[in-house]
1. Determine whether B:S274 is more than 23 Å from the chain's Cα centre (by Cα) and either buried (at least 23 other Cβ atoms within 10 Å of the Cβ) or assigned to a loop (DSSP other than H, G, I, E, B) (or both).
2. When you look at B:V299, is it at pLDDT 95 or above and more than 14 Å from every other protein chain (Cβ to nearest Cβ), yes or no?
3. Find all pairs meeting these conditions: Cβ atoms under 7 angstrom apart; at least six residues apart or on different chains; first residue within region A:33-46 and farther than 10 Å from A:V17 by Cβ; second residue more than 9 Å from DNA strand D (Cβ to nearest atom) and hydrophobic (A, V, I, L, M, F, W, C).
4. Check whether at least one residue in region B:203-217 is within 14 Å of chain A (Cβ to nearest Cβ), over 22 Å from B:E323 (Cα atoms) and not hydrophobic (A, V, I, L, M, F, W, C), and report yes or no.
5. Being facing another protein chain (nearest Cβ under 7 Å) and either surrounded by fewer than 19 Cβ atoms within 10 Å (Cβ to Cβ) or farther than 22 Å from A:V134 by Cβ (or both) is the filter here, so list the residues in region A:68-89 that pass it.
6. Go through the residues of region B:155-164 one by one and say whether even a single one is within 11 Å of chain A (Cβ to nearest Cβ) and among the hydroxyl-bearing types (S, T, Y).
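The values are calculated or read from the model by the stated rules, or taken from the named source; none is laboratory data. This is a predicted model, so every value here is computed, not measured. Because the Cβ atoms are built from the backbone with ideal geometry, glycine has one as well, and the counts that use them run over all protein chains shown.
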Protein chains: 2
Amino acid sequence: MHKQEVTIYDVAREAKVSMATVSRVINGNSNVRKETRERVEAVINRLHYQPNAVAQGLASKKTTTVGLIVPELTNLYFAELSKGIDDIALLYKYNIIISSIENRLMKEDEVIQSLLNKQVDGVIYMSNRLPDKVANAFKQTNTPVVLAGTKDNRDEFASVTIDYQKADTEALNLMYNDGKKNLAIVVGDPDTVVNKDNRIPAYRKFLADHDIAEEHIYTKINNYSDGYNLYSQLEKDGVDGVIVTRDVTAVGILNSVMDAGKNIPKDLEIITASATQIASVVRPALTTIKQPLYDMGAVAMRMLTKLMNNEEVDGIHVQLPYELLKKQSTLNQ
Amino acid sequence: MHKQEVTIYDVAREAKVSMATVSRVINGNSNVRKETRERVEAVINRLHYQPNAVAQGLASKKTTTVGLIVPELTNLYFAELSKGIDDIALLYKYNIIISSIENRLMKEDEVIQSLLNKQVDGVIYMSNRLPDKVANAFKQTNTPVVLAGTKDNRDEFASVTIDYQKADTEALNLMYNDGKKNLAIVVGDPDTVVNKDNRIPAYRKFLADHDIAEEHIYTKINNYSDGYNLYSQLEKDGVDGVIVTRDVTAVGILNSVMDAGKNIPKDLEIITASATQIASVVRPALTTIKQPLYDMGAVAMRMLTKLMNNEEVDGIHVQLPYELLKKQSTLNQ
DNA sequence: ATGAAAGCGCTAACAG
DNA sequence: CTGTTAGCGCTTTCAT
């Protein structure tokens, strides 16, 4: 970067006003006479002046930039959340610094620290774990944070989610009513708040409520091939209905079932807990708990703008409605 | 953002050195005596000092931030490119400001201008169109730009791509050798450089070389349902082999064919030109021109780091090798 | 090897 | 409504 060619000072000189007035014009401050404003604007256009956001940031202590923490870039679940975030960010003129934390090159807290050093005004956090170190960094720098599509057991961070327990219960119930009694749940990391405190308890409660003794919880099933390989186990365990948290995992199971010459949904019903595009284009199409991902992102970002401006927010834990979308991987259509 | 609690000045005072020396320590300048360095580092750790990147940016005129322009967030093609970019960016300690331009709320050049105002050190551009206004903005601000997975007819911007003409020719040839003589090409925007100057010419040349008179070029087919709806037309036109640029579009065609009770690849062969995960999990799996998306992103970002540091680059137009990956949507497996 | 001092480009009291 | 004056927190000559 070379020295900036035209600065606020040049505009001031050409328009025969002080920098302060130019600054007022830029920032839409109403305390400027119409004539003056127009004269300044004319000069701005003539010189093609563009304010230096870094200097603005240093002087005003606001960067109009928010950080986005995402576990993986190549996961449509986060991409769809991000889209909602991005639209609202654009609306409120915030830029987004995105940081994926899947990379083991740098530890998560270093990634977040580097974000904080950039003086972001706020953070949307989509990872399903929030280590103490990271939480402390947020608190120390007094940076507003909103969790999107995930939860934390500390109550202090705002969040936007769905009612995972209710959704899972409803999904299990659907399969149960289809006559499936040997139900299973397939998750990735069993220790995340969403899994440990919501999904798995809901599953266990369902079993208890229906006097089912045998529990089938499969953990650390993270991707397509994990799903594909899991089916032989499911078959061995006599599972006839399964709820899967990641849809690409569900597709792995789906393909495995079909390759084994079995039938979906007759031999196995599948319900996936996140409805990204991938769940709807495979055949048979997957019945899903349709989370309103775009809206969740949008609501999270909107809430963040309020927190950044110290506005009132009514309730920092928002739950949005989901929909149980019946497709071809369950019987009762 | 409140006033920063601990600044370089505090560290200087506590360590009994000048700000200049602290700055040298932070930036790894070797002109600091070992003892002094250690004393300063001790204070930095004790006070938990973190440099303010905004102030650094203003003073040094480098923000260690790059801009990423992406057409859509929810497209795995760009997501996989982005992952390669992100990994290399992390390696060289750059942050990424991502801007999607799918949003019609703000015009593209405004989005780019806002990025430039943030004083990004460079830009990776993934949109398939580069308007004059945008190109001029890049030139005026002297910001290095690398196009990733796309081309521009101006020769001035660096790019990382594959040889689209060669790839398409090879794909067409595969289908031709399978006995398919009524070949078609399906694209989105027909006026992008990649389509207009590469894919479509390659298709036409193939027809000419094989004395095929009838041309089937379908344009503005952008998404799953466009693809799904297109099949009736393809059938009417007697098309028996098709090359599709977007894989989700290809999946639309695929499902439409199957719903019509036809067979893939017997009745229709499909080759998709971008191998994202979605192409590999559907059944039948799609034969694809496998672009090395991750590598393309990584190479683009590496090249950008060189441009930002005024280092030598040998050739600003890089073509990476692709692979024609035969799956179940073509006969000759 | 270290320090003093002058900015980087802008905002924000404060005064008038 | 407008100008003056301090900074914001850091880097970077230029001396020494």
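1. On the way: more than 23 Å from the chain's Cα centre (by Cα): no; either buried (at least 23 other Cβ atoms within 10 Å of the Cβ) or assigned to a loop (DSSP other than H, G, I, E, B) (or both): yes.
Criteria not met by B:S274.
2. Working: at pLDDT 95 or above: yes; more than 14 Å from every other protein chain (Cβ to nearest Cβ): yes.
Against the criterion (at pLDDT 95 or above and more than 14 Å from every other protein chain (Cβ to nearest Cβ)), B:V299 qualifies.
3. Filtered contacts from region A:33-46: A:I44/A:V11.
4. Step one: list which residues in region B:203-217 are within 14 Å of chain A (Cβ to nearest Cβ), which gives none.
Taking every residue of region B:203-217 in turn, none turns out to be within 14 Å of chain A (Cβ to nearest Cβ), over 22 Å from B:E323 (Cα atoms) and not hydrophobic (A, V, I, L, M, F, W, C).
5. Taking region A:68-89 as the starting set, the residues that turn out to be facing another protein chain (nearest Cβ under 7 Å) are A:73-74, A:76, A:79-80, A:82-83, A:86-87.
Those that are facing another protein chain (nearest Cβ under 7 Å) and either surrounded by fewer than 19 Cβ atoms within 10 Å (Cβ to Cβ) or farther than 22 Å from A:V134 by Cβ (or both): A:T74, A:L76, A:A79, A:E80, A:K83, A:D86, A:D87.
6. Restricting attention to region B:155-164, the residues satisfying the condition of being within 11 Å of chain A (Cβ to nearest Cβ) are none.
No, that holds for no residue.
Residue-by-condition table, conditions (1) free of Cβ contacts under 8 Å to residues at least 40 places away in the same chain; (2) not in a helix (DSSP H, G or I):
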| residue | (1), (2) |
| --- | --- |
| A:I278 | no, no |
| A:R283 | no, yes |
| A:M296 | no, no |
| A:D314 | yes, yes |
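Residue-by-condition table, conditions (1) at pLDDT below 95; (2) of a type in the set (S, T, Y); (3) within 16 Å of DNA strand C (Cβ to nearest atom); (4) in a helix (DSSP H, G or I):
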| site | (1), (2), (3), (4) |
| --- | --- |
| B:N29 | yes, no, yes, no |
| B:V32 | yes, no, yes, no |
| B:G57 | no, no, yes, yes |
| B:V66 | no, no, no, no |
| B:E72 | yes, no, no, no |
| B:K83 | no, no, no, yes |
| B:D87 | no, no, no, yes |
| B:K93 | no, no, no, no |
| B:I98 | no, no, no, no |
